[in-house]
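Heads up, the thing below is written out as structure tokens.
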Amino acid sequence: MSFMLRCPNCGDRHVAEFSFRGEYLQRPQQEDEFASWADYVYMKENVQGKHFEWWYHGSGCQRWFLAERDTTDNTTQTTFWFDDRPRLINRESEPDA
Amino acid sequence: MAKQMWRTYDLKKTYDIVIIGGGAHGLATAYYLAKMGVKNVAVLEARYPGYGGSGRNTAILRSNYRTEEGIKFYDQSLGLYENLSTELNYNLMFSQQGHFTLGHTESSTSGLVTRAENNKALGVNSFMLTPQEIKKKLPEINISSHARYPILGALYHPPGGIIRHDAVVWAYGRGADKGGVEIHNLTEVQDILVKNGKVEGVKTNRGTIYAKKVISVVAGWSSEVCRLAGVKLPFVTHPLQALVTESYKPWLHHVVVSSTLHIYLSQTDRGELVCGDGIDGYPHYGMRSTLGFMEAFSAHVLELFPILHNVKVQRQWAGLCDMTPDYSPIISPIDEIEGFYVNGGWGTYGFKASPASGFNTAKMLAEGKVPDMIKPFSYNRFGENRLVGEKAAASVSS
Ligand SMILES: Cc1cc2nc3c(=O)[nH]c(=O)nc-3n(C[C@H](O)[C@H](O)[C@H](O)COP(=O)(O)OP(=O)(O)OC[C@H]3O[C@@H](n4cnc5c(N)ncnc54)[C@H](O)[C@@H]3O)c2cc1C
Ligand SMILES: [Zn+2]
């Protein structure tokens, strides 16, 4: 199902301009054991509902950003830069925030 | 023949085995369990059998994969399919009309050559053809060297073909029912009960039932269902779309696939062309069609078959695919939870696997031991970084 995605730099653009670049997951520390790295590389939440994910604006400004999207209808999305994630991810993951 | 394919029952309090999901894999598992003498089994299906990918696929069957593990497994499946109409006493309309995978670039063509060699070593009938040889079998194809992606060669697989997918689902369901398995429609699993590292049963919209063994066989919904048991999976759910045209007189007598152009097509006995494309590029749980798919498919198919320029599309639809990192499935116990099993990760290519998946899954559940054939498809392979890379052979559906 097609939709418009808001690039934090370029504004609303058709989703075909972007590439999906995976679920946003917490990256392990360099010294963490193999198991947590394997988990980070392979395992996914793959939520039916809202989750955070990476996008790349390949046919536009070529920047990477994060989005919160509902995987059932592609709506209710916010998009933001990686640096803004502590503020936004914490706030957005609270129920009904 | 009975009026109904399978009977309706009240839910019992306990079963030996609960199968979550009434697709081809769940029903095939149930059928082979009954055949092995395990009959106190319930298949719980949230909607109706065949609601998922099993009723939405383009029904292409073949076994010319890339890895030894994959080739052996899919070849067992094709072998079971060859006798399935007789075994289930149901006309599955399996047509082994031959399957082409086209190569348009040097790298994709060398991947096809590797597959041809691996297939030959394992006794699977699959070999390379030149553009002129392709043209003999597919007179309408455009092999001009001036195309955007000229055809350099093809991997041809004579035993590959198409089948009537709904009939496979129904026939396995009917066979399981005859063997004593209960198939429950409109029965959604809402929770999985786990206590002290052991599975106890499931909670459904029709009540709680108990079982020592529970298996999730829900393809695109696997991550959500397994989360109920606290199990994380390496799956990402993407929609895959397909379309069917109006009927035309028979002209296409083989299945044609091109991964560079992201398309595949075949012609049914009714004359319709059944066509598909690659997955939608982002995870999604809805099953809506897009204009983008129709546009991309049309543009690409016209490069191969210019004669299709006036063809009319009749219907478009989508289904969910549980994509894995290595394009191979998981058929496995989950060590952390005694009695809990997963069958999934069938991506865009799992329909062809239904018989071998059902047979080996049933054996695993009945004997409590993982059959050698499916050992490579363990859940633990990801933690051990031992993947079974089938991307080259499975990435454009079919
Ligand atoms: C458009 C398209 C084309 C394809 N083409 C091909 C092809 O040409 N060749 C090929 O080999 N494969 C193909 N595939 C892939 C193939 O269709 C699937 O891999 C296969 O059908 C998966 O079967 P399954 O039984 O595992 O799952 P499904 O058929 O998806 O069944 C899963 C079932 O689980 C049920 N369920 C979900 N959640 C719950 C719950 N909580 N409780 C109870 N039940 C639940 C669903 O309602 C569903 O009926 C295609 C797929 C699509 C979408
Ligand atoms: Zn941009």
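General remarks:
- Elements of type strands (runs of 3 or more DSSP E) contained in the range A:1-50, each with 2 or more residues being away from ligand 2 (no atom under 12 Å from the Cβ) and either free of Cβ contacts under 8 Å to residues at least 12 places away in the same chain or surrounded by 13 or more Cβ atoms within 10 Å (Cβ to Cβ) (or both): A:19-23
- Residue match in the range A:68-76 (condition: within 16 Å of ligand 1 (Cβ to nearest atom), within 14 Å of chain B (Cβ to nearest Cβ) and closer than 25 Å to B:C226 by Cβ): yes
- Here B:R206, B:R227 are screened, and the one residue that is away from ligand 2 (no atom under 16 Å from the Cβ), of a type in the set (K, R), closer than 30 Å to B:Y327 by Cβ and not assigned by TED's automatic domain parsing to the domain that holds B:I307 is B:R227.
- Looking at B:T208, B:T187, B:T237, B:T204, just one residue is of a type in the set (S, T, Y) and surrounded by fewer than 17 Cβ atoms within 10 Å (Cβ to Cβ), and that residue is B:T208.
- Single unsatisfied condition, B:Y210 versus (1) in contact with a strand residue (DSSP E or B) (Cβ under 6 Å, 6 or more places away or on another chain); (2) under 18 Å from B:T109 (Cα atoms); (3) among the hydroxyl-bearing types (S, T, Y): (2)
- Residue check, B:V225 within 12 Å of chain A (Cβ to nearest Cβ), of a type outside the set (S, T, Y) and either surrounded by fewer than 19 Cβ atoms within 10 Å (Cβ to Cβ) or in contact with a Ser or Thr (Cβ under 7 Å, 6 or more places away or on another chain) (or both): yes
- Summed over the range B:328-347, residues that are surrounded by fewer than 24 Cβ atoms within 10 Å (Cβ to Cβ), touching a Phe, Trp or Tyr at 6+ places or on another chain (Cβ under 9 Å) and in contact (Cβ under 8 Å) with a residue 60 or more places away in the chain total 1.
- Test: residue in the range B:329-337 that is at pLDDT 95 or above, more than 16 Å from ligand 2 (Cβ to nearest atom), touching a His at 6+ places or on another chain (Cβ under 8 Å) and within 12 Å of another protein chain (Cβ to nearest Cβ): no
The values are calculated or read from the model by the stated rules, or taken from the named source; none is laboratory data. Given the structure is predicted, the values throughout are model-derived calculations rather than measurements. Quick reminder, even Gly has a Cβ in these numbers, built from the backbone with ideal geometry, and neighbours come from all protein chains shown.
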